[in-house]
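One structure follows; several queries about it will come next.
Readers should treat all values here as calculations from the given coordinates under stated rules, not as data from a laboratory. Since this is a predicted model, take the numbers as computed values, not measurements. Note: ideal-geometry Cβ built from the backbone for every residue, glycine included; neighbour counts use all protein chains shown.
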Amino acid sequence: MRFWIALVVLWGGAALQQGAAERLAILGCAPDFLLAAVGPLALAYGRSGGAVVGFLAGLLHGGLAGANIAQYAASRAIVGFVAAWTGSAIEKLEPVTCLIHVAGLTVLGRILFMFMAPPAQIGSYLLATIGVAVYNGVIALPIYALLRKTVRKDPL
Amino acid sequence: MGRVQTSARNAGRVDAVTSTIQTASDLIGRPVGAVSQGVSDFAQGIFRAGSLRAENERLRAEEQAWSLYDARIRDMQSEIEQLRSLMGMPPIPGREAVTAVAIGYYPHEHRMTLGVGSDQGIRPDQPVLTAAGLIGVVHSVEANRCQVRLISSPQFQVGAAVMGEVPLEGIARGEGRDVMILQLLDLSQPIELDQPVVTSGYSERIPRGLPIGKAVQVEDDEQFGIRRVRVFPHVRLSNVRSVVVLK
């Protein structure tokens, strides 16, 4: 059950990433639906599960981008692991906590990716990272809410 | 995985993983894309209504400017064609050709204004023609422009001849925009339709052989001994831009 939920969330994230992300861009910052989904999922699936979820998210993102899948998969797998690790320290999932958690993970994921595949303009990439992080934090809130009502009722 | 991707790219194709992911994502991604595009357009329509309206008005103005520009281009191309034709006209002995541009055309008055006048040596009764044929004679002259009485005018008369085996000569006069009437006194010679009609040259100003048009209908009035030939002019007066005045 949990596996299918993760798959559906990631698949939905991939579809949104492909069809809606660029159109929802604000001030040049488009949301990263897959990265936003990794944080909440990793909280529900533990460290190793989080790393697998991150890996799958990276796989999907790399495939959609038609880019080097390994760089996406590796950076997102680390993010998934860190998400579960840091998430276990969160005692109560408040909306603000969730937002900060995912925003931080987004920054980590994009910086890791930057080292693996350096962009042409690092300055503008880092600036965009801030916007994407905030955007992802907001997007992650409904995912957290959804997972609390589904995955947490069906314990890991 | 990287090696699989690289080898696939080197072979000029997409690797199986990427292809599978893209196909799977397309199932929902495309509808989602279409919906988000619609939502995005709707939202933009609301939030940017003012600027969209301004942009719309600007584009309409640009379109109008372009259509005017396009019309002007076509006009100039037509003028270039006419000038090329005029340059290809054979010289008429003893006459000097003055090229002129039509700056006004008044079909109901059977009149055309040219941008040349007495300063260029233009005088009344000089013939005005295009490469296709005669269009009228100079009627009145000012310093830098002149008025032309067109062949369509009922007041226009010119000596003309139907060029058959035996040229049949008479007087042609205007009968409205698209037709002239040539009156002949010789009813004995046959006239075939589409035979050319040219100036007869019985005039100080208008030389012989300038094309006018072609015979399209022949009516014989045996009681009065008159033959009336309807002549369709070669030149469509409304299309004339560049002409030559023969001095």
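Specify the residue that is farthest from A:T129 (Cα to Cα); the eligible residues are those in region A:8-23 that are in contact (Cβ under 8 Å) with a residue 40 or more places away in the chain and of a type in the set (A, V, I, L, M).
So, considering only residues that are in contact (Cβ under 8 Å) with a residue 40 or more places away in the chain and of a type in the set (A, V, I, L, M), the one farthest from A:T129 (Cα to Cα) is A:V9.
Restrict the check to region B:151-171 and report whether at least one residue is hydroxyl-bearing (S, T, Y), within 22 Å of B:G104 (Cβ to Cβ) and in contact with a Lys or Arg (Cβ under 6 Å, 6 or more places away or on another chain).
Checked against the condition, which is being hydroxyl-bearing (S, T, Y), within 22 Å of B:G104 (Cβ to Cβ) and in contact with a Lys or Arg (Cβ under 6 Å, 6 or more places away or on another chain), region B:151-171 yields at least one hit.
Next question, about the same structure. Kindly list the number of the only condition in (1) more than 30 Å from B:R208 (Cα to Cα); (2) β-branched (V, I, T); (3) in contact with a Cys (Cβ under 9 Å, 6 or more places away or on another chain) that fails for B:I73.
Every condition holds for B:I73 apart from (3).
Being facing chain B (nearest Cβ under 10 Å) and closer than 30 Å to A:A89 by Cα narrows it down to one residue among A:Q71, A:Q18; which is it?
After applying the criteria, what remains is A:Q71.
Please work out if A:F55 is within 14 Å of chain B (Cβ to nearest Cβ), more than 22 Å from B:S36 (Cα to Cα) and either of a type in the set (D, E, K, R) or under 15 Å from the mean Cα position of the chain (by Cα) (or both).
yes
Now for a different question. Is there any pair with a first residue in region B:1-24 that is under 16 Å from A:L60 (Cα atoms) and facing chain A (nearest Cβ under 8 Å) and a second that is charged (D, E, K, R) and crowded, with 16+ Cβ neighbours inside 10 Å whose Cβ atoms are under 8 Å apart and which are 6 or more apart or on different chains, and what are they?
So the pair list comes out as B:Q5/B:D15.
Considering A:A120, A:A89, A:A67, A:A103, which residue is of a type in the set (A, V, I, L, M) and not in a loop (DSSP other than H, G, I, E, B)?
A:A103
Spot the failing condition for B:H234; the list is (1) under 22 Å from B:L114 (Cα atoms); (2) out of contact with any His (no Cβ under 9 Å at 6 or more places or on another chain); (3) surrounded by fewer than 17 Cβ atoms within 10 Å (Cβ to Cβ); (4) in contact (Cβ under 8 Å) with a residue 12 or more places away in the chain, and only one is missed.
It fails just one condition, (3).
Output yes when any residue across region A:36-48 is in a helix (DSSP H, G or I), within 14 Å of chain B (Cβ to nearest Cβ), out of contact with any Asp or Glu (no Cβ under 9 Å at 6 or more places or on another chain) and in contact (Cβ under 8 Å) with a residue 12 or more places away in the chain, and no when none is.
yes
Results for (1) out of contact with any Leu (no Cβ under 8 Å at 6 or more places or on another chain); (2) among the hydrophobic types (A, V, I, L, M, F, W, C); (3) more than 10 Å from chain A (Cβ to nearest Cβ), shown as yes or no for each residue.
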residue	(1), (2), (3)
B:Q37	yes, no, no
B:F42	yes, yes, yes
B:A54	yes, yes, yes
B:R58	yes, no, yes
B:E63	yes, no, yes
B:L68	yes, yes, yes
B:A71	yes, yes, yes
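Among the listed residues B:V158, B:V243, B:V162, which satisfies the condition of being buried (at least 21 other Cβ atoms within 10 Å of the Cβ), under 25 Å from B:G115 (Cα atoms) and over 24 Å from the mean Cα position of the chain (by Cα)?
Going through B:V158, B:V243, B:V162 in turn, just one is buried (at least 21 other Cβ atoms within 10 Å of the Cβ), under 25 Å from B:G115 (Cα atoms) and over 24 Å from the mean Cα position of the chain (by Cα): B:V158.
Take the residues in region A:21-35 that are within 14 Å of chain B (Cβ to nearest Cβ) and charged (D, E, K, R), then tell me which one is nearest to A:L127 (Cα to Cα).
Among those that are within 14 Å of chain B (Cβ to nearest Cβ) and charged (D, E, K, R), it is A:E22.
Identify all residues within region A:1-52 that are within 16 Å of B:S40 (Cβ to Cβ) and acidic (D, E); write none if there are none.
Result: A:E22, single match.
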